[in-house]
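This report refers to the structure that appears directly beneath it.
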């Protein structure tokens, strides 16, 4: 009855107030384009109102937003292909977007006349083949959804980027996303057996295969992984699966200094043990996590190492014991091994909440991922401490110590202009130090817009020129996510 | 354009809360609406970006932002899972108020909120009138949910199946009550809430019975009304303030240990929104609101924490049914109450069977169901499926609004499942023992 009363309210409102026609923000008309896109996907799957455009103007990177012209949501591969063809005819820039969790600005629209293509409705797991251990997915499938689906069948899809609960596999492939398990299991590129994509003309291109080995043609699959939507638009991905490890063991080691913790990392690797995960939290991060989650972490510790070994039960037992010994030999004050799943979950909950805990301290959070060869972790940690002091900014460091991929996390408030300027200088210096140590600007977040201006420092001029020529050949009209990776062509 | 500037200035007041969002996008993984539409404007991150845009005067008018802001269940799934701790629900409620104060309440809502809802007596008059005539438009159905539906195809009711208005609302049956403290040693005031008063008086009757059994002193003052959430959801802070003032005056007449409601939404509104949104300036009123909200509890919480449940013997367990439980958003996500209702179900001698995604929103969202019945039903149908998959006889939930939505979904699918409040199960158990 209340519902009825409220319905009366709604009806009255409609009668009393004639619906005002919405005036969307008028810009340069591209009527032909919009009409053709509507014909392909239907009007419910095409957005052009200014309010909607504003919600696709950003991703998770701290960069200026760019408001696109239209947003289109294909429901199948055919529609996706037709969209590419139409954009190609109109020479309109396309930016493909999964969940928009990108940390380097790769999904920020290229320009205000550009089109954003959403993969949200291309979210079907097409096949999980247990006999041949692979899965075929559409690009909009959420990473954690696939991981859970294959786990039910006793299989394992290891890449686990921090945003896996929301990130899409298409985005993971386009960015070559990593995660906590990189050390032992590698990253996304190690699991892509094949894929198909639409080239810049809208032609459907297949590469790779459902076989473990495949030696035909160019390795176009390899080329597409990490290409950030600049070489083609992916519509199907074949992903390698492996057997789910039968056992695992987690432990937490407490150190007085971060130096000792990084020495443990080196010693474990030197002992020829490859843990599934080997994560580091510095004192700043420990204190942030503790004040946020009250998990009982030692706030006076210089650093924590969170370690997990997995595999066959016998080997896990042996490796676990040896890792524990090494931790103690290299100066750990204490080592706590999880005795059951609940304890294990508590350990990883602390790690997972690191970013959240830091995010709560200041309004703006810049998550960097300059990466160094793992033996250089102690040197990189020292550099970060110096940089934090030099520019008078807060940096919390945590991350994948086992694979050299630390996440120096800068906490600031972008509205404070003076401090933001110091932050920009600090980021540049972090890049320089990582490169001096033989590292890379990004372990797993991609180049996008954020690192495009610095890429030449890492690769040299000729690599940039080669990439640009390659890109020009594959995308003559410069419509595939222009401005990303290689800068302006 | 100048008034868009003044609106921008008002939205800027939210800036300190808005900048907390780091655009990580985690909210997409838990938003029941986004799951259906895949549209960024439907999820918290998109809406926060729109408010940010409004504060920066990016739009020619506020209509588009307002429409999108109102497409939200206010379930708080995003806030409960936000890594940065953005206080999403509070921001959205404040923003709705700012937008409504900027452009004015629609004439229909003016009438409903200012003239009817804000005055409990007028509200009762109209709902009773509607109750008397409901048989003309609707017919009762013979199903376990005891719903009614429209007699003829009606644009006002769609194809809803809804519990009928009670023949006599609770405040007619028991206008006021004040019983002494018994063996429990505690005195409790009951905030009845509109839906329990007018649709499910049987739940309030059971409160009286259960309290009597446990010797809990019960205070029910006369003249209670709405907790204010419908007004607040429509941005009408004035009516909300009036209602809060009214109830503060009403409940300060008696001393009690706890204020209890059997409605998840009322509890969450009194506990969370009364202190944070109220803007009245009466002397000492804010302290009184704080004090009252601090001693406000959900009924399941009160019982589990304060009474000794009678021991179950094997005979009780045999009589018990298989019961599954749906977590109302306003209990679990807003207040963290999830274990207590389950304990109460078990204490009633039933076998608790967990459904898949028990804490996923049922899609009701108050007026969301009214304006977006199609999406609301798609979300609700997922819940219905999860309930049906448990093959339970009964689904229990601690929120009468969820009960309405779940009844509708089950009835539509012809599912043979009863919908009850955990307290009803416990009251039945006590009755059957004696």
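The values are calculated or read from the model by the stated rules, or taken from the named source; none is laboratory data. Model, not experiment: these values are computed from the prediction. Cβ atoms come from the backbone with ideal geometry, glycine included; neighbour counts cover every protein chain shown.
Numbers at a glance
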item	result
Scan of segment A:89-104 for residues that are within 14 Å of chain B (Cβ to nearest Cβ) and farther than 26 Å from residue A:161 by Cβ, ordered by number	none
Test result for residue B:289, touching a strand residue (DSSP E or B) at 6+ places or on another chain (Cβ under 7 Å), surrounded by 18 or more Cβ atoms within 10 Å (Cβ to Cβ) and at pLDDT 95 or above	no
Residues of segment B:206-232 classified as surrounded by fewer than 24 Cβ atoms within 10 Å (Cβ to Cβ), without any contact (Cβ under 8 Å) to a residue 40 or more places away in the chain and assigned to a helix (DSSP H, G or I), total	2
Residue in segment A:117-126 that is farther than 23 Å from residue A:31 by Cα and not in a loop (DSSP other than H, G, I, E, B) present	yes
Residue within segment A:353-373 that is within 24 Å of residue A:435 (Cβ to Cβ), surrounded by fewer than 20 Cβ atoms within 10 Å (Cβ to Cβ) and in contact (Cβ under 8 Å) with a residue 60 or more places away in the chain present	yes
Selection status of residue B:357, free of Cβ contacts under 8 Å to residues at least 60 places away in the same chain, surrounded by fewer than 19 Cβ atoms within 10 Å (Cβ to Cβ), within 14 Å of chain A (Cβ to nearest Cβ) and more than 16 Å from residue B:264 (Cα to Cα)	yes
Residue match in segment B:246-264 (condition: within 14 Å of chain A (Cβ to nearest Cβ), modelled with pLDDT of 95 or more and either crowded, with 18+ Cβ neighbours inside 10 Å or part of a loop (DSSP other than H, G, I, E, B) (or both))	yes
Breaking point among (1) more than 14 Å from chain A (Cβ to nearest Cβ); (2) more than 22 Å from residue B:235 (Cβ to Cβ); (3) without any contact (Cβ under 8 Å) to a residue 12 or more places away in the chain, for residue B:379	(3)
Single residue of segment B:13-50 satisfying the filter (away from every other protein chain (no Cβ under 12 Å) and not in a loop (DSSP other than H, G, I, E, B)) that is surrounded by the most Cβ atoms within 10 Å (Cβ to Cβ)	B:33
Within segment A:31-50, considering residues that are in a helix (DSSP H, G or I) and free of Cβ contacts under 8 Å to residues at least 24 places away in the same chain, the one nearest to the other protein chains (Cβ to nearest Cβ)	A:44
Candidates A:54, A:84, A:66 - the one that is within 14 Å of chain B (Cβ to nearest Cβ), surrounded by 21 or more Cβ atoms within 10 Å (Cβ to Cβ) and within 26 Å of the chain's Cα centre (by Cα)	A:54
Pick from segment B:383-398, criterion touching a residue at least 40 places away in the same chain (Cβ under 8 Å) and assigned to a helix (DSSP H, G or I), ranking: farthest from the chain's Cα centre (by Cα)	B:387
Leading residue by the ranking (nearest to residue B:333 (Cα to Cα)) among those in segment B:51-62 that are more than 10 Å from every other protein chain (Cβ to nearest Cβ) and in a helix (DSSP H, G or I)	B:51
Number of the exception - residue A:290 against (1) farther than 30 Å from residue B:85 by Cβ; (2) in contact with a helix residue (DSSP H, G or I) (Cβ under 9 Å, 6 or more places away or on another chain); (3) assigned to a helix (DSSP H, G or I)	(1)
Sole exception among (1) touching a helix residue (DSSP H, G or I) at 6+ places or on another chain (Cβ under 6 Å); (2) not in a helix (DSSP H, G or I) for residue B:86, by number	(1)
Residue list for segment A:407-425, filter: in contact with a helix residue (DSSP H, G or I) (Cβ under 6 Å, 6 or more places away or on another chain) and surrounded by 23 or more Cβ atoms within 10 Å (Cβ to Cβ)	A:408, A:409, A:410
Sole exception among (1) part of a loop (DSSP other than H, G, I, E, B); (2) within 20 Å of the chain's Cα centre (by Cα); (3) more than 14 Å from chain B (Cβ to nearest Cβ); (4) farther than 17 Å from residue A:484 by Cα for residue A:202, by number	(2)
Strands (runs of 3 or more DSSP E) enclosed by segment A:305-418 - at least 3 residues per element that are more than 22 Å from the chain's Cα centre (by Cα)	A:334-337
Residue within segment B:120-143 that is within 14 Å of chain A (Cβ to nearest Cβ) and within 28 Å of residue B:77 (Cβ to Cβ) present	no
When residues of segment B:119-130 are limited to those that are surrounded by fewer than 19 Cβ atoms within 10 Å (Cβ to Cβ) and touching a residue at least 60 places away in the same chain (Cβ under 8 Å), the one nearest to the chain's Cα centre (by Cα)	B:119
Residues of segment B:326-336 that turn out to be in a loop (DSSP other than H, G, I, E, B) and surrounded by 24 or more Cβ atoms within 10 Å (Cβ to Cβ), as a count	2
Residues located in segment A:153-165, provided they are modelled with pLDDT of 95 or more and either crowded, with 24+ Cβ neighbours inside 10 Å or within 13 Å of chain B (Cβ to nearest Cβ) (or both)	A:157, A:159
Conditions (1) under 23 Å from the mean Cα position of the chain (by Cα); (2) touching a residue at least 40 places away in the same chain (Cβ under 8 Å); number of the one not met by residue A:141	(2)
Evaluation of residue B:148 against (1) touching a strand residue (DSSP E or B) at 6+ places or on another chain (Cβ under 7 Å); (2) closer than 27 Å to residue B:412 by Cβ; (3) at pLDDT 95 or above (one fails), failing number	(3)
Lone qualifier among A:222, A:226, A:194, A:217 - being more than 25 Å from residue B:35 (Cα to Cα) and in a helix (DSSP H, G or I)	A:222
Search result, residues across segment A:105-124 that are under 26 Å from residue A:427 (Cα atoms) and away from chain B (no Cβ under 13 Å)	A:106, A:110, A:111
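The rows are residues; the columns are (1) crowded, with 21+ Cβ neighbours inside 10 Å; (2) within 14 Å of another protein chain (Cβ to nearest Cβ); (3) farther than 19 Å from residue B:368 by Cα.
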{"residue": "B:70", "(1), (2), (3)": "no, yes, no"}
{"residue": "B:75", "(1), (2), (3)": "yes, no, no"}
{"residue": "B:79", "(1), (2), (3)": "yes, yes, no"}
{"residue": "B:82", "(1), (2), (3)": "yes, yes, yes"}
{"residue": "B:88", "(1), (2), (3)": "yes, no, no"}
{"residue": "B:104", "(1), (2), (3)": "no, yes, yes"}
{"residue": "B:108", "(1), (2), (3)": "no, yes, no"}
{"residue": "B:114", "(1), (2), (3)": "no, yes, yes"}
{"residue": "B:117", "(1), (2), (3)": "yes, yes, no"}
